[in-house]
Each structure stands twice: as C-alpha cells, then as structure tokens.
Amino acid sequence: MNPLTIKLLSFKNITFFYRRRHPLKFFLIILCIILTIIGIYFALVEGFNFLIHLGGIGSVILKRLLFIMFSILFFMIAISFGILFYTSGVKSKETEFHLLLPQSLPRITYFKFWEAVFLSSWIPLVGLIIFSFAYTKINHLSFTYPFIAIFHFIPFIIIASFLGYITSLGVLRFLNIKKFFIFSLILTLLLILLYKKELTQEKTVLYFLSEKVAFLKFSQLWYLPYSWVTKGLVALEENYWGKVLIYLSNLYSLSALCIIFVPLLGDKFFLPCFYKHFYASHKKTYPTSLWDNILKIKFLPVSLRNFLLKDIKLFLREPALWLQFLVFFGLLFFYFLNLRKFSYHAMEPIWKNLISFLNTFSVLCIVCSLSIRFVFPQWSLEGRNFWILKLAPFSLKEIFLEKFIFSFLPLAIISGGLILVSNIMLESQPSTFYFTLFITLITCFVTISFSLGLGAYFADFKRDYYLKAVESIGGVIALILNLTYIIITIFTFASINHLFLRGKILFLKRVTNTFLVLWTSLSILFSFVILKLGYNKLEKKEY
Amino acid sequence: MIKVISLSKKFNSQWVIRNLNLNIKKGEFYCLLGPNGAGKTTTLKILSGLIKPTQGKVYLGGFDVEREYLQAKKLLGFIPDTPFLYENLTPWEFLEFIANIFGIEKNTFQKEVNYYLELFNLKEVKDTLLKEFSHGMKQRVLYIANFIRHPKVLLIDEPLVGLDPHAIYLIKDLLKKETQQGTTILMCTHILSIAEELSHRIGILDKGEIIVQGTLDELKKRMGDTNLEEIFLKLTETGE
C-alpha cells in the first residue's frame, strides 16, 4: 500500500462515512454537484451560442478565447499547485510522518507532487471536460472530440503543475521576505518597461481581441506549451490528424520529462525547504509591529481592536496567504495591460454593453476568488485555538462582526479600485461607473457573507493545515454559490441592457431600477440567512 | 545503539542544543528529563532525522542518520506527543499501511495486530475512522504501530499524554518487555515517577546541555538527595 493508495482509501472511507452518517445531506450534495455540472454545461452552450450568432466574427472570437483560456488556466494551475504544494507538502504533518518512515526522499516528493497535482487540478479538469462537451455540441463535432480533448488536458495539467513545482521549490528554498520584495520590485520594473514598450508601438485603433492584444499574442506563441493544447484542439476540430499527433506528442514528451525531473529536484531541494518552513519558522522573533501602534488609536471597541490585530498579524505571518494576494495582483497586471487596448469608445453600443459587463464579471470573479481564498478559511484559521475565542468575554456576534469588517473593508477597497481603474481605461460613462460600482460593492457584501457564513458552518478546527479548508466540500459549495450568484447578477443586468439595445425594452431606467431594488433586497436577505446559518452552527459547536 | 557526538543545533541565532554527547547501549532505557524549552523534543527530532543538526553526528545502530537515513529509519520507532494519523482511515488500515512500509508479512501482521488491538481494547473499533477517536485512543494506535514492528530503537516524546491508568500500566509493562528483548529506548518526559520506575539511566537537559547523567542511584549519590524530584528541582531551578 503506497501513500497515494492511502489517499484514495481515505477518500473512499470519508464518502462512505458521510453517506452512512448523513444520508440526506449526502444526497443533497450529490444532487447539487450534478445540477452544477448541468448548469455549467448549459451556461457554456448558451455563451457559445451567443458568440456563434454574432456571425463570422463570433467563431473567430471563440478560437481566440480558447488560446486566452488555456494560457490563463496554465498559470492559474501553476499558482494553485504552488500554494497546495506548500500547504500539503512543506507545511504538512504528514510529510514529517513520512520522513520518519524508511522511504526515500524522491519517493516522498513524488507522492507529494501527485497529491498537489490532483488537489490543484481536479476542479479545472472537470470544468475543461464540461467545456469540451459543450464545445462539441455547439460546433456539431464528432462524439470522439471531447474524449480526445481529455488526452490533451492531462499532460497540460502536468506541465502547468511542474511549473508550479519548480517555482515553489525555488521560492521556498532561495527567497526570504527581503529577497522576495527585491525580486518582486525587479519583476515589476521589467513589466513596466514592457508596458512602456507596448505604448510606443503604432497607435492605430485596435479592434476587439485583435492580434495586437498583448496577452493574446503571448498566449499563441508556438514554443509555449499551453498554446499546443489549443492548436491541437483546433487541428482536431478541422480533422488535421497529423497536427493533432504532433501537438499530442509535444505535450506528452514534455510532461514525461517533467515527471522524470520531479523526484530528482525533490531529492535536491525539498528537504531544505521543509526544514526552513516547517521547523525554523516557528523560532522567528516578531517585535512590535506598525499595526500594534495603528490599532492603539481607540476608534474601535476593545474586543474588535484585539481580534483585528490578531487577524492582521496571522495574515502577515503566513506567507501562503499574502503570497496568494500578490499573485492575484500580478495576474491583474495582464488584465489591465489588455484592457487599455479595447478602444471601447470606438465600438458599437452592443459591444460596449458586452465589454462593460464582461469587465464587471471579471472584477466580481476576482472578488469571488479572494473571498474564497481568504474569507472562507477565517474560522478554520482559528484551528484548535477556537476555544480561546469561545471562552473570551465577548459574544460570538462581536467576533462575527470583527471578521466581517476585517474581510469587507479591504475587499471593498480592492474591488472598488479595480472598477474605478477599469472604467477609466475603458473610458466609460459616469452612469456606467456608478452602476457597476454599486453592483460590485453589494456583491462584495454578499460573497463575504456567503464565505464567512459557510466557513463557519463547515469550520474544521482539527485540520492539519487550515488552508486546506478551501479544498473541502464546504469550500466547493461556497465557490459554487458565489459563482452562481455572480453569474445570475451579471446575466440579469446584461440581459436588460441587451434587450433595450435590441428594442425589446422601452424604459431602461425604470426596469433597471426595479430590478436593482429587488436584487439588492434579495441579496441582503440571502446574506443574512447564510450568516445566521453559520452563526447558529458555530454557536452550537462543541469542543 | 544510539550514539550522539558533539551535537549542536541553532535556530536563527539561538542555540537550542549545545555540544550534546550520548551513548546508549542495546536494550537500555534512557530517560531524558528537562524543563520546558530545554531542547528535549528538538533532540528527539534530530535523532529521528526530522531536523538536521547544525553540528555533530548521530548514529543509530551504527548508521549515520544523515547519510544512511534509510537504513537508520528501518531500525527506528518514534512516538511523538501529538501523533499524526490519517484521520480518514480505520486503525486497521493505518496499521496495514505501516506494516507494508516496513515489509511485515501478512500473517505476522494479522497475528500481531489482533493481539495488540485486543490488548489495548481497540478490537471493537478497528473499523471506525480514526477521526472519531479520542487523543488517548489515537495514542494507543500509535503505540501498536510501533510495537508490531519491534523497532531496534524507540524514541518516545511524552509517552503518557492523554492515556488512562489502564493504558499507562499496559504501556509501562510493554516498554519493559521491549527493553528485555533488546530494544533501546530513549524517552523524554516531565513525569519523574515514570523515569524513576522504568529507566536504566537518566539525563537532565537544561538550556540545551546535559547537566547531569547516570543511574538513579548514581544521581542520588552525587547530589546527596533522596529522590529524583529534589534532584531535578535543584538542578533546574534557575532555568524555570
């Protein structure tokens, strides 16, 4: 029995255990998963339908979107792998346990690599499989298309994970906080130079998603592995089997090379990383920080002030948390790099509407991922120390309020800032800006309530490492709920505008305002319901 | 069986172990005592290969823990104070995993596990998930995981945390039998009575250094005190 079999056995056990203990909940979760898969499938089919019905340009856009999607997904999987490898490999008690057993280090790292590959890629893989089925239906392709597509996805995931593997090993082994900031500064300067170079290029009016869009160019470079997947899939769609085989061979040979290098690199670099981060970090000293002094200002009740200070310190002292934060902003740089090229003012109203809502959707997706990554594990972060909070002379309501403020303020500032910057770049109307800002702030409120409420409901104080809470069933439910809410929000308001532009609605302002009031009331109601649900569960929880 | 030569460990700029030397023979029960933060757990982790020493060498059964770690770990059993167990496995599955890793034959495994599960009163819950277990029950599973393989060297950190009197009695008895069969045991504890009862030799660690070691009689003779508690308090009073 090897460690991977153990993990599968654990999964089987927990499924049977849950089914036996809570049959109704188990059934509801399965139903929820099936409905989500069906929902995503039909949402994708509808989305593709919309693009195809735009005429010739639609199918061109669709193919370009494939390139962008796979390149973004490549980096997202790499980042996700890095974080999971850190939490489940380097900061894990299980690794310490394996190091005690007579197993070679390459074997341990090999197992930890595959574990992180699975944890970081199962959600994207399921999404890609649904995507390939929807794509097959809309383009009337052969039934073999999605199955051959899956053969493209597997090496793609391995290569992306390997990038995450070498990056995380490098960062963990060689960088400390000081070096990290110097490194980030150099990287930012390089990116600014790149940005400046782009600006000095020919100033023509660039068409939506044209070849000049920097990220699209980047996503199509022939020598980068993520473009091989799209090129292979396009060749498959056009029945160029020779090309399909070439791209598949490229993908599989590179992924095989990656697999060979995993234990070799692990043997050399894993142990120093483990020593540095699993043991030595506990011995650091932390002098009084700036936050201690800032929060001495008595603008908050003492309970809130103390809990806020604790949460800020916990956040700042956990590299896995603030590193993710920095990575999110790195990805945003690419987003804004492309946004300025849309020449929004030169577009037809129907495109303006689409771009404006797509932009809001992108910002809301960032809000969603930030809230799942940082707000959801807030309760599990307390870990085995939750009894301290429970015994503190403050009510649980006050702690809930502190966690809400701690999460809402930064997220509202970030998302409001993103909406402001993106609207300036798109040169949109003030009314559009205020409207999207309002939607964003309410969504912030709702996603934080969902994440905090469900985080409390599914809080697991016995977890080996609290960040794994994000990958738990509760985390998945919170993610699905948040995404569904965002999709419904965008779909509702974008449809109203679209129908107005098509002449099917006469009074845009009246209809929009009515829906806005209804949507806001329902959003706040649902938020309180979920918060209450989490609160009740936490209050009854025994230790 | 356990040989430690000039072992030192530094975390950042702070020395937690300084020039530690130990030589524990086959079948000997050595007890390491010390106040909180003395470096007991760090010493055990270095001996088990979990932490690298800053200076010095550790040999288990003649194998260098750093260079020949696979051979050294085949001899080693380790019981930490807060055990790691796969919470979503049953005790049987967990023990089977351990047996496979150490190459214990199926028949021997079944015989041994059944015997110990019965002994530790866990037979009825052998198919329950470990997440359902109390700390003491998990600790018992961990002892079984070590006893079924009869390691040549057993390192124990705080051996009796969370255990009921029956389990404590049983474990003390089993540890005595293990030493009689040739297992070398190094145990860190705060419970002085256990050290007095079980150990052949005692070492007192303070601020990363062994300040005194020997048999209980030798310590009493040297310090002129009647019991271990007085000796311990006298030697470590400035540290606490």
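The values are calculated or read from the model by the stated rules, or taken from the named source; none is laboratory data. Bear in mind the structure is a predicted one, so any value in this text is a computation, not a measurement. Every residue, glycine as well, gets a Cβ built from its backbone with ideal geometry; the counts of neighbours run over all protein chains shown. These accessible areas exclude ligands, DNA and RNA; they are computed on the full protein's heavy atoms, side chains included. Shrake-Rupley method; radii C 1.70, N 1.55, O 1.52, S 1.80 Å.
Remarks
- Some residue of region A:500-507 being of a type outside the set (Val, Ile, Thr), part of a helix (DSSP H, G or I) and within 27 Å of A:Tyr18 (Cα to Cα): no
- Selection status of B:Gly162, surrounded by fewer than 21 Cβ atoms within 10 Å (Cβ to Cβ), within 19 Å of the chain's Cα centre (by Cα), part of a helix (DSSP H, G or I) and small (Gly, Ala, Ser): no
- The lone exception for B:Glu178 - which of (1) closer than 21 Å to B:Phe109 by Cβ; (2) in a helix (DSSP H, G or I); (3) more than 14 Å from the chain's Cα centre (by Cα) it fails: (3)
- Taken as a whole, region B:1-23 holds at least one residue that is aliphatic (A, V, I, L, M), open to solvent by 10 Å² or more (accessible area, probe 1.4 Å) and closer than 23 Å to B:Arg149 by Cβ.
- Restricting A:Ser88, A:Ser120, A:Ser104 to those that are touching a Gly at 6+ places or on another chain (Cβ under 8 Å) and either free of Cβ contacts under 8 Å to residues at least 60 places away in the same chain or within 14 Å of another protein chain (Cβ to nearest Cβ) (or both) reduces the list to A:Ser120.
- Residues in region A:160-170 that are open to solvent by 10 Å² or more (accessible area, probe 1.4 Å) and either small (Gly, Ala, Ser) or more than 22 Å from A:Trp122 (Cα to Cα) (or both): A:Ser168, A:Gly170.
- When A:Glu402, A:Glu427 are checked against the criterion of being acidic (Asp, Glu), surrounded by fewer than 18 Cβ atoms within 10 Å (Cβ to Cβ) and at pLDDT below 85, a single residue qualifies: A:Glu427.
- Residue match in region A:449-467 (condition: modelled with pLDDT under 80, in contact with a Lys or Arg (Cβ under 6 Å, 6 or more places away or on another chain) and closer than 18 Å to A:Ile372 by Cα): yes
- Close Cβ contacts (under 7 Å, 6 or more residues apart or on different chains) running from residues in region A:422-445 that are touching a residue at least 12 places away in the same chain (Cβ under 8 Å) to residues that are open to solvent by 80 Å² or more (accessible area, probe 1.4 Å) comprise A:Glu427/A:His345.
- Selection of region B:3-27 for residues being in contact with a helix residue (DSSP H, G or I) (Cβ under 7 Å, 6 or more places away or on another chain) and closer than 22 Å to B:Glu197 by Cα yields only B:Gly27.
- Scanning region B:28-67 for residues being of a type in the set (Phe, Trp, Tyr) and open to solvent by 10 Å² or more (accessible area, probe 1.4 Å) gives a total of 2.
To keep it simple, each residue is scored yes or no on (1) open to solvent by less than 50 Å² (accessible area, probe 1.4 Å); (2) away from every other protein chain (no Cβ under 14 Å); (3) basic (Lys, Arg).
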{"residue": "A:Asn2", "(1), (2), (3)": "no, no, no"}
{"residue": "A:Leu9", "(1), (2), (3)": "yes, no, no"}
{"residue": "A:Thr36", "(1), (2), (3)": "yes, yes, no"}
{"residue": "A:Leu84", "(1), (2), (3)": "yes, yes, no"}
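- Checked against the criteria, A:Thr87 does not count as of a type in the set (S, T, N, Q) and modelled with pLDDT of 85 or more.
- Looking across A:Ser104, A:Ser184, A:Ser142, one residue alone is over 18 Å from the mean Cα position of the chain (by Cα) and within 26 Å of A:Ile61 (Cα to Cα). It is A:Ser142.
- Qualifying residue in region A:239-246 (condition: within 28 Å of A:Phe113 (Cα to Cα) and either open to solvent by 90 Å² or more (accessible area, probe 1.4 Å) or modelled with pLDDT under 75 (or both)): yes
- Of the candidates A:Phe48, A:Phe26, A:Phe17, the single residue that is more than 11 Å from chain B (Cβ to nearest Cβ), surrounded by 14 or more Cβ atoms within 10 Å (Cβ to Cβ) and within 19 Å of B:Lys131 (Cα to Cα) is A:Phe26.
- Of all residues in region A:508-543 being among the charged types (D, E, K, R) and not in a helix (DSSP H, G or I), the one that is farthest from A:Ala456 (Cα to Cα): A:Glu542
- Selection within region B:115-149 - within 14 Å of another protein chain (Cβ to nearest Cβ), open to solvent by less than 20 Å² (accessible area, probe 1.4 Å) and part of a helix (DSSP H, G or I): B:Leu130, B:Val141, B:Leu142, B:Ala145, B:Asn146
- Residues that are within 24 Å of A:Cys258 (Cα to Cα) and surrounded by fewer than 20 Cβ atoms within 10 Å (Cβ to Cβ) within region A:100-109 comprise A:Gln103, A:Ser104, A:Leu105, A:Pro106, A:Arg107, listed in sequence order.
Residue-by-condition table, conditions (1) within 25 Å of A:Phe50 (Cα to Cα); (2) hydrophobic (A, V, I, L, M, F, W, C); (3) open to solvent by less than 10 Å² (accessible area, probe 1.4 Å); (4) not in a helix (DSSP H, G or I):
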{"position": "A:Glu115", "(1), (2), (3), (4)": "no, no, no, no"}
{"position": "A:Ser120", "(1), (2), (3), (4)": "no, no, yes, no"}
{"position": "A:Leu128", "(1), (2), (3), (4)": "yes, yes, yes, no"}
{"position": "A:Phe143", "(1), (2), (3), (4)": "yes, yes, no, yes"}
{"position": "A:Pro146", "(1), (2), (3), (4)": "yes, no, yes, no"}
{"position": "A:Phe151", "(1), (2), (3), (4)": "no, yes, no, no"}
{"position": "A:Ile158", "(1), (2), (3), (4)": "no, yes, no, no"}
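- Consider region B:70-109 and keep the residues that are open to solvent by 30 Å² or more (accessible area, probe 1.4 Å) and of a type in the set (Phe, Trp, Tyr). The one that is farthest from the other protein chains (Cβ to nearest Cβ) is B:Trp92.
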